[in-house]
Amino acid sequence: MKASIEDKVQTRIPTKHGEFILHYYSNSLDKKEHVAFVKGDVAGKEDVPVRIHSECFTGDVLGSRRCDCGEQLDMALDMINTAGCGVLIYLRQEGRGIGLLKKLQAYNLQDQGLDTVDANIKLGHLADERQYDIAALILNNLQVRSIELITNNPQKIDELTKLGIQVHGRIAIETRIHQDNLEYLKTKAERMSHMLSMPDSE
């Protein structure tokens, strides 16, 4: 069966980052509640700034410093608001697709010395199990003609391109590096090819 989505409701959401329209989507692939935060009129537009953000309860909600997710979420919304036009798609694929329970178990393995990639593998998962089919369907539903993707992850660009999305450029989104996220970010840069400006090792 071909995947499908339905834009069930749209509502105005004023935030500290500006005012957006929140679109709630149902879909035929899973029972999760994926949403899009839309700024301005994006239908038929070229080179729309787009952030595809995967859920991170610990970072987005609790402000965990173990990752850069919460800061990236805030930065992306600021970028889109400043541009006056754009989309943030919030996908419910916690822990790079392995779920909250497994992510927390992976955190404990990281505290024992494994990096974020090896911790996922030890739990029987891939380093990154996220999929972007629903994101592509949402962009098509919003009638976005082409995008500039707010990301440091080249795999995300490749996956969207394979799904037929016209990615015309990349907008970097680098957060502060500190002691709590240094090893995590180094692993993303060195083992997952994320385009990050890491400090030189001494």
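The values are calculated or read from the model by the stated rules, or taken from the named source; none is laboratory data. Computed from a predicted structure; not experimentally measured. Quick reminder, even Gly has a Cβ in these numbers, built from the backbone with ideal geometry, and neighbours come from all protein chains shown. Surface accessibility is based on the protein's heavy atoms, side chains included, excluding ligands, DNA and RNA. Shrake-Rupley method; radii C 1.70, N 1.55, O 1.52, S 1.80 Å.
Details
- Aspartates and glutamates whose Cα lies under 12 Å from that of Lys8, excluding same-chain neighbours fewer than 8 positions away: Glu33
- Between the Cα long axis of helix 69-83 and the first principal axis of the chain there is an angle of about 30°, rounded to the nearest 10.
- Taking a ≥ b ≥ c as the square roots of the eigenvalues of the alpha-carbon gyration tensor, segment 1-92 is classed oblate because a/c is 1.5 or more while a/b is no larger than b/c.
- Spacing of the two label points (7 Å from each Cα toward its C-beta) at Asn108 and Gln143, in nm: 5.1 nm
- Segment 123-158 residues near the modelled Glu46 label - backbone nitrogen below 15 Å, point 7 Å along Cα→Cβ: 144-148
- Gain upon complete extension [Ala3, Leu101; 0.36 nm per residue less C-alpha separation]: 32.6 nm
- Average Cα contact separation per residue, the chain, under 8 Å, 6 or more apart, as relative contact order %: 21 percent
- For the pair Ser28 and Leu163, a Förster radius of 22 Å applied to the C-beta separation gives a FRET efficiency near 0.90, rounded to the nearest 0.05.
- Calculated accessible area for the chain comes out at 52 Å² per residue, all protein chains present (probe 1.4 Å; ligands, DNA, RNA ignored).
- When +1 charges are put on Lys and Arg Cβ atoms and -1 charges on Asp and Glu Cβ atoms, the dipole computed for segment 93-142 relative to its Cα centre reaches about 100 debye.
- For Ile171, nonlocal amide neighbours, meaning residues 5 or more places apart or on other chains whose placed amide H falls under 5 Å from its own, are Leu149, Ile150, Thr151.
- Here segment 86-202 has 45 percent of its accessible surface on carbon and sulfur atoms, given a 1.4 Å probe and all protein chains in place.
- About the Cα centre, charge dipole magnitude for segment 89-202 (Lys/Arg +1, Asp/Glu -1 at Cβ), debye: 440 debye
- Projecting the Cα atoms of Gln155, Tyr132, Val9 onto the charge dipole of the chain (Cβ charges, centred on the Cα centre) puts Val9 farthest toward the positive pole.
- Among the listed pairs Lys2/Lys188; Lys156/Lys186; Lys32/Lys103, those beyond 23 Å (Cα-Cα): Lys2/Lys188
- Normalised by the number of residues in segment 1-67, the mean separation of alpha-carbon contacts (under 8 Å, six or more apart) gives a relative contact order of 21 percent.
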